[in-house]
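The values are calculated or read from the model by the stated rules, or taken from the named source; none is laboratory data. All values derive from a computational prediction rather than experimental measurement. When we count neighbours, we look across all protein chains shown, and the Cβ atoms used for this are built from the backbone with ideal geometry, even at glycine.
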Amino acid sequence: MTIKKPVEMKVLFGTVYEEEGGKEVPFRQHLGDMGGSGFIYNEKGCQAILKAAIENEHSWADVADYVCPLVDEILLDAHEMDRGLYRDIMTKINLAYSSLKQSEMIVQNFDDSITLSFKDNDFTIFEKAAAYLKNGYQIEKVEDCRGYDGFWHMVLERVEEDDERAGSQTLSVMEVAEHERNLISYLRTLCFEDVLDAVDGIDNAETDVYHKWLDETYKGNHTLAADWKDRSEKLEKLQELLGKANADYRDHIFPENEDGGPVA
């Protein structure tokens, strides 16, 4: 199904004014005033709103101001007129609730990282991001994945407090096992090309895992997506640490540190 250009629900329905005073009447209030009259089934604007909710891009505000009031009326009528239809609707709502609940739980376990997906001209992304920005997140990056899943991906990271950051940097003495010492010693003997081959191999694996994360996210398999995301981040970190652990690799890739001197 092709999503059409953005549309304003208010334009589809029109504006209702009080008979006395001429003030604009909110759509929800108007439906309440007309409740029980069969108004929503005779007014073409109501059906246009429901159709646009499926076929057109629209804002969060339009959902709250126009779609939700109509859904309220439809649920009430279904409960009174067709209990089978009411149960079918509630079954789908329950499934949606379970899916969103699972998504929320996964978001809370994403190591303070959140990914929002959106398409071209989807201005609701700013409304969605604003809630997270108010709660201590910042935009880390925006990735163009349209060639893969048709979406842009906005990654938000929670900003750490100074005291939390300082606490995470506390140094401790680590005991190094024999096999770990052997690895360190061997890394010091490798040349730039050797480590580059190893890093490129990890990078290729990380790319495959990253695409699997995007694929599961697009399918709505949030639990699997969380696992693939975790693996992707660990491979990316392993790639970075492996490269920096070799002096020759550091000299080629990171010839200077932030102060302008050689990397230690």
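Below are the figures for this structure:
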| quantity | calculated |
| --- | --- |
| Residues of the range 10-31 satisfying the condition of being in a helix (DSSP H, G or I) and either modelled with pLDDT under 85 or charged (D, E, K, R) (or both) | Lys10, Arg28 |
| Within the range 233-251, tally of residues that are aromatic (Phe, Trp, Tyr) and without any contact (Cβ under 8 Å) to a residue 40 or more places away in the chain | 0 |
| Candidates Ile74, Ile49, Ile54 - the one that is aliphatic (A, V, I, L, M) and either assigned by TED's automatic domain parsing to the domain that holds Asp122 or surrounded by fewer than 11 Cβ atoms within 10 Å (Cβ to Cβ) (or both) | Ile54 |
| Residue that is modelled with pLDDT of 80 or more, loosely packed, with under 11 Cβ neighbours inside 10 Å and of a type outside the set (A, V, I, L, M), where the choices are Lys134, Lys141, Lys119 | Lys141 |
| Condition check for Thr2: surrounded by fewer than 10 Cβ atoms within 10 Å (Cβ to Cβ) and at pLDDT below 85 | yes |
